[in-house]
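S.K.: Dropping the structure in here first, questions after.
The values are calculated or read from the model by the stated rules, or taken from the named source; none is laboratory data. In this text, all values refer to a predicted model and were calculated from it rather than measured experimentally. When we count neighbours, we look across all protein chains shown, and the Cβ atoms used for this are built from the backbone with ideal geometry, even at glycine.
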Ligand SMILES: *Cc1c(COP(=O)(O)O)cnc(C)c1O
């Protein structure tokens, strides 16, 4: 444990309550190890980023050799093979029509880029549209633009004066999908809607809320009909989380814009990409410099990060990743079935490699009093989890074994017994 006389200000952390935290010194496969020698099973893939496992040797080697040759270079007016290589590979695996790749550094920036591309498209074709639609309970990041698109709540109430309005579409709860489709139809018909942004099949930070591929396909049809750009935020769902490479594949749809980040480098180093169709790219392409896409960050397409992403995509091409995911998905649905008889919990659910359930919390929402004690009780039992309020989820790396998964559910069950008997 590190005593916080430290100058570090941690994310989503109340330093007045969490005064000590473990210091992590190494990671391998599905495990991390702290400086006092404790090994923890990484049941949340280190905030949803690690796919194959920590420190995959091919990704480590790719970063090492790239770092020795070309560490960083300006990406405006210059290009480099690691970026070209990742872009070609992404276009090769992405849903049809996504032919252009814009690099950035985080999920939030990939979404900011998507929103700016959408408005740029409409303005550049001379039919200015500015409205954005988003789902209730959505999470798209923590920058001002992405907070605006995300659900309003305790996490952004302070910043509300900075946020822009978006049209809010109700979440398609099972049995109430038609209300979502009707609201989307009405909002699109209202005109001035530039784009609809959504997390396909599962809303992550909003509480691991799952909806059907049929609903996703129906939302796509409505947006198509009204020529509203369809922005898939696959920052969490991309790279296999829901059972396929991209969640959109399950609805057999291709968005106009696709946001990728977390799993892009296998969880090793920050990199994000926003893919777009030629229609959107071409609207920015002109001899008029005022029509260019006005966005960059200093480290855009960092070569070391691109080398990691390229190695990650090679692993997808060379190793049986989808088979591992299918096996993990089966284990998750078995675990969820077992949870159904546990009266302390409700809504046990899973999609692909993600399993989740809700606890009868003392206080609703993200600040539920159960989250931190449960996390700490699991940590004592060798498992790293981080409940979203009263929602507990397990989203482990794809190298997780049956025994490891069984142990983590046992640890969580035991921990619930300790903190919420
Ligand atoms: C995590 C997440 C983001 C933000 O990504 P960061 O890399 O944390 O900025 C955006 N959208 C979704 C769906 C996410 O899960």
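S.K.: Condition check: in contact with a helix residue (DSSP H, G or I) (Cβ under 8 Å, 6 or more places away or on another chain) and either buried (at least 20 other Cβ atoms within 10 Å of the Cβ) or not assigned by TED's automatic domain parsing to the domain that holds residue 207 (or both). Does residue 372 satisfy that?
M.R.: Working: in contact with a helix residue (DSSP H, G or I) (Cβ under 8 Å, 6 or more places away or on another chain): no; either buried (at least 20 other Cβ atoms within 10 Å of the Cβ) or not assigned by TED's automatic domain parsing to the domain that holds residue 207 (or both): yes.
Considered against the rule, which asks whether it is in contact with a helix residue (DSSP H, G or I) (Cβ under 8 Å, 6 or more places away or on another chain) and either buried (at least 20 other Cβ atoms within 10 Å of the Cβ) or not assigned by TED's automatic domain parsing to the domain that holds residue 207 (or both), residue 372 comes out as no.
S.K.: Moving on. Anything in segment 393-419 that is farther than 15 Å from residue 353 by Cβ, surrounded by fewer than 22 Cβ atoms within 10 Å (Cβ to Cβ) and out of contact with any strand residue (DSSP E or B) (no Cβ under 6 Å at 6 or more places or on another chain)? List them, or say none.
M.R.: Residues satisfying the conditions are 403, 406, 407, 410, 413, 414, 416, 417, 418, 419.
S.K.: Run residue 180 past the list (1) more than 14 Å from the ligand (Cβ to nearest atom); (2) within 30 Å of residue 28 (Cα to Cα); (3) in a helix (DSSP H, G or I) and report the number of the one that doesn't hold.
M.R.: Residue 180 satisfies every listed condition except (2).
S.K.: With 153, 167 as the choices, which residue is in contact (Cβ under 8 Å) with a residue 24 or more places away in the chain and within 16 Å of the ligand (Cβ to nearest atom)?
M.R.: So the residue among 153, 167 that is in contact (Cβ under 8 Å) with a residue 24 or more places away in the chain and within 16 Å of the ligand (Cβ to nearest atom) is 153.
S.K.: Looking at (1) over 29 Å from residue 237 (Cβ atoms); (2) touching a helix residue (DSSP H, G or I) at 6+ places or on another chain (Cβ under 7 Å), find the lone condition where residue 23 falls short.
M.R.: Of the numbered conditions (1) over 29 Å from residue 237 (Cβ atoms); (2) touching a helix residue (DSSP H, G or I) at 6+ places or on another chain (Cβ under 7 Å), the odd one out for residue 23 is (2).
S.K.: I need a count of the residues in segment 215-249 that are under 24 Å from residue 266 (Cα atoms) and either out of contact with any strand residue (DSSP E or B) (no Cβ under 9 Å at 6 or more places or on another chain) or away from the ligand (no atom under 16 Å from the Cβ) (or both).
M.R.: Going through segment 215-249 one residue at a time, the tally reaches 5.
S.K.: For residue 159, indicate whether it is in contact (Cβ under 8 Å) with a residue 24 or more places away in the chain and within 16 Å of the ligand (Cβ to nearest atom). Show your work before the answer.
M.R.: Working: in contact (Cβ under 8 Å) with a residue 24 or more places away in the chain: no; within 16 Å of the ligand (Cβ to nearest atom): yes.
Considered against the rule, which asks whether it is in contact (Cβ under 8 Å) with a residue 24 or more places away in the chain and within 16 Å of the ligand (Cβ to nearest atom), residue 159 comes out as no.
S.K.: Could you tell me whether segment 280-290 includes any residue that is touching a residue at least 24 places away in the same chain (Cβ under 8 Å), within 15 Å of the ligand (Cβ to nearest atom), assigned by TED's automatic domain parsing to the domain that holds residue 100 and assigned to a loop (DSSP other than H, G, I, E, B)? Please lay out each step first, then the result.
M.R.: First, pick out the residues of segment 280-290 that are touching a residue at least 24 places away in the same chain (Cβ under 8 Å): 280-281, 283-284, 286.
Narrowing the set further to residues that are within 15 Å of the ligand (Cβ to nearest atom) leaves none.
Looking through segment 280-290, none of the residues is touching a residue at least 24 places away in the same chain (Cβ under 8 Å), within 15 Å of the ligand (Cβ to nearest atom), assigned by TED's automatic domain parsing to the domain that holds residue 100 and assigned to a loop (DSSP other than H, G, I, E, B).
S.K.: If we keep just the residues of segment 98-129 that are over 28 Å from residue 303 (Cβ atoms) and in contact with a strand residue (DSSP E or B) (Cβ under 8 Å, 6 or more places away or on another chain), which is surrounded by the fewest Cβ atoms within 10 Å (Cβ to Cβ)?
M.R.: Out of the qualifying residues, it is 119.
S.K.: Here is a follow-up. Yes or no: residue 390 within 26 Å of residue 266 (Cβ to Cβ) and crowded, with 19+ Cβ neighbours inside 10 Å?
M.R.: no
S.K.: Based on this model, can you work out whether residue 142 counts as in contact (Cβ under 8 Å) with a residue 24 or more places away in the chain, assigned by TED's automatic domain parsing to the domain that holds residue 191, out of contact with any strand residue (DSSP E or B) (no Cβ under 9 Å at 6 or more places or on another chain) and farther than 22 Å from residue 185 by Cβ?
M.R.: yes
S.K.: Restricting to segment 113-150, and then to whatever is away from the ligand (no atom under 12 Å from the Cβ) and either part of a strand (DSSP E or B) or under 20 Å from residue 367 (Cβ atoms) (or both), can you tell me which residue is nearest to the chain's Cα centre (by Cα)?
M.R.: In this case the residue turns out to be 136.
S.K.: Can I ask one more? Is there a residue in segment 72-85 that is assigned by TED's automatic domain parsing to the domain that holds residue 234, touching a residue at least 24 places away in the same chain (Cβ under 8 Å), within 16 Å of the ligand (Cβ to nearest atom) and out of contact with any strand residue (DSSP E or B) (no Cβ under 7 Å at 6 or more places or on another chain)?
M.R.: No: segment 72-85 contains no residue that is assigned by TED's automatic domain parsing to the domain that holds residue 234, touching a residue at least 24 places away in the same chain (Cβ under 8 Å), within 16 Å of the ligand (Cβ to nearest atom) and out of contact with any strand residue (DSSP E or B) (no Cβ under 7 Å at 6 or more places or on another chain).
S.K.: Within segment 185-205, restricting attention to residues that are within 11 Å of the ligand (Cβ to nearest atom) and part of a strand (DSSP E or B), which residue is nearest to residue 128 (Cα to Cα)?
M.R.: 197
S.K.: Follow-up question, since we're still on this one. Conditions: (1) more than 28 Å from residue 281 (Cα to Cα); (2) touching a helix residue (DSSP H, G or I) at 6+ places or on another chain (Cβ under 6 Å); (3) buried (at least 20 other Cβ atoms within 10 Å of the Cβ). Residue 177 meets all but one. Number of the miss?
M.R.: Condition (3) is where residue 177 drops out.
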